[in-house]
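The values are calculated or read from the model by the stated rules, or taken from the named source; none is laboratory data. Just so it is clear, the structure is predicted and the values come from calculations on it, not from any experiment. When we count neighbours, we look across all protein chains shown, and the Cβ atoms used for this are built from the backbone with ideal geometry, even at glycine. These area figures cover heavy atoms from the full protein model, side chains too; ligands, DNA and RNA do not enter into them. Shrake-Rupley method; radii C 1.70, N 1.55, O 1.52, S 1.80 Å.
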Amino acid sequence: MTNIDTVLDYHEQTKHYYRRYARSIGYLDWANKPYAYREYTNTSKLPLKLCFDNETPLYKELFTDPVDAKDINYETISQFLQFSMGLAAKKSTGSDSWELRCNASSGNLHPTESYILTTHEDQINASCGVFHYNPYKHELERVADTPTALLENDTFLIGISSILYREIWKYGERAFRYTQLDAGHALRSFEISALMLGWNVKVLEMQHEEAEALFGLNHKDRFIAQEREDIDMVLQISMMSQKSINPEILSGLISNVFVGKVNLLASEHQSWELIDSVEDASSKAQTISSFPSFSQHTSNSEQSSKDVVLKRRSAQMMDLHRSQISKTQFLTLLNSVGTTGSKVHLAVFINNVEELESGLYLYLRDEEKLTHLKENLRSTFLYQKSAPNLYLLELGDYKQNSKNISCSQEIASDGAFSLGMLCEFEENIKLSGALEYKKLYWECGSIGQQLYLEATSLSLSATGIGCFLDDAMHSLLGVKERSYQVLYHFTIGRAIVDMRLQNLHPYSHLIS
Ligand SMILES: Cc1cc2nc3c(=O)[nH]c(=O)nc-3n(C[C@H](O)[C@H](O)[C@H](O)COP(=O)(O)O)c2cc1C
């Protein structure tokens, strides 16, 4: 099988149907739930500063009035990592407590790890090198040296990687999909945290093998085979420019010596060969590159950006009786993920939005794709323009449909609206290569993180929905063959807060 056949086959095999969900062991083996925090033994540790008291710009200013770039130093790197991948909340019921983070993650399992590579000693407390970030301890672990001053002094790199096993434990064969969505959430979290400091983020175009070597993930003897960790993206973080880094400089950054071995996350493992094969097919010998970022923004929130990031939580239940939102709020939410050149659009079930009739709508993130969509979706749809980029396809009450499609989850029907992220699929993957399969998930995850933040900034709530019946949604949309596929669902409304949960300080374990 070619790599492209492998990813297309994986996609088919991991669809959920009414009567058959994708393969998994079918129960949760609590005794072997993977530990959520990667640690490297025998590494020197560099505690970071907790930055809850730092001033950050208003949320709305992130997009309209960027702050002057802050210097890269111990203080700002501490903030950058805390407000992207750090802990945001700790909840408890009785003797049980759990942490929640700035970046959303399916099942709160957090497969995404992050690394920082700096070549300037003054960027982090008189030390340069490659470091792993531990969000629980808010601490860096030094895993390798780097040559000094090889990058410009306004630049450092971030590596985003995934431990598939954390998601496999719960989701079985569908876990690869969740893991990639989570990587997209992490990417947007880094972008937002960078904006708070006036920094730029660019996904570097580079070979997968070179990217994994930069962060030592190719030194397999340091890892546990069943808990493989794979590089997803390398981000260039810069104070000013987004200048490309010369490929020779990137190669010169690769260290031959990496120290530290990883901790074991679970003592017994499930094995799903299909996941290893889709991971290899969609990454090995391929060139990582970026996808279109968001170009429009209309939020007027007066909340500080750190408050929005820290307050973002997934709704467990939506309040059907308070679900109505205004048309302005609705359009603000969708416009916050507007862009051009994207292959990901939004099929929206409007349940309760003032001035917009209930029904099925299409939000085109790129209006130029209208003809292509018309050719590939149900021919009887109305395509009646209701607002910029928004088309009514069919009037009706879609609450029951959206709930059924979202694995019978009421969060989909009890909010103001829910949506499916509709991606240009088979032809696109055949043209772009197997890595495109991952990139579509990354883009969807990144849209999800932005929608979560936008909803929070409007005092609304949201939840990502990875459990959905793929082909039920496709047949409702009348998708021709596999021209388009939905890769992520999402719901927005007003949450019912579970008053039984107690809120603790997210870093109570560090500051008590
Ligand atoms: C990719 C993805 C898929 C998710 N799927 C579901 C879902 O199907 N149902 C649900 O109730 N929550 C879902 N969630 C929400 C997570 O359970 C939630 O993010 C996690 O528990 C962490 O909580 P937090 O978002 O408040 O930090 C999903 C989240 C992500 C990022």
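Some observations on this one:
- Helix 175-196 vs. the chain, principal-axis angle (Cα, 0 to 90°, nearest 10): 70 degrees
- Working note: 222 nm ellipticity from helices only, DSSP H runs with n ≥ 4, each -39,500 (n - 2.57), summed and divided by the residues of the chain, gives -8500 deg cm²/dmol to the nearest 500.
- Surface accessible to a 1.4 Å probe, per residue, for the residues of region 312-493, Å²: 32 Å²
- Computed over Cα pairs, the Kirkwood radius of the chain leads via Stokes-Einstein (1.002 mPa s, 20 °C) to a diffusion coefficient of 93 µm² per second.
- Relative contact order [Cα under 8 Å, 6+ residues apart], region 312-493, whole percent: 30 percent
- Expressed as a whole percent, the accessible surface of the chain that belongs to carbon and sulfur atoms is 48, based on a 1.4 Å probe.
- Restricted to Cα atoms, region 60-148 shows a radius of gyration and a Dmax of 15.7, 50 angstrom.
- Convex hull (Cα only) mean projected area of region 190-302, reported in nm² to one decimal: 10.6 nm²
- Spatially close lysines, pair count over region 1-142: Cα under 28 Å, gap of eight or more or interchain: 19
- Kirkwood Rh in Å, taken over region 312-493 so that all alpha-carbon pairs contribute: 16.1 Å
- Contact order normalised by residue count of the chain, Cα under 8 Å, 6+ apart, percent: 19 percent
- Left without a cysteine partner by the 4.7 Å Cβ rule in the chain: Cys51, Cys102, Cys128, Cys423, Cys444.
- Amide H contacts of Lys261 (H built 1.01 Å from N, under 5 Å, at least 5 apart or other chain): Thr41
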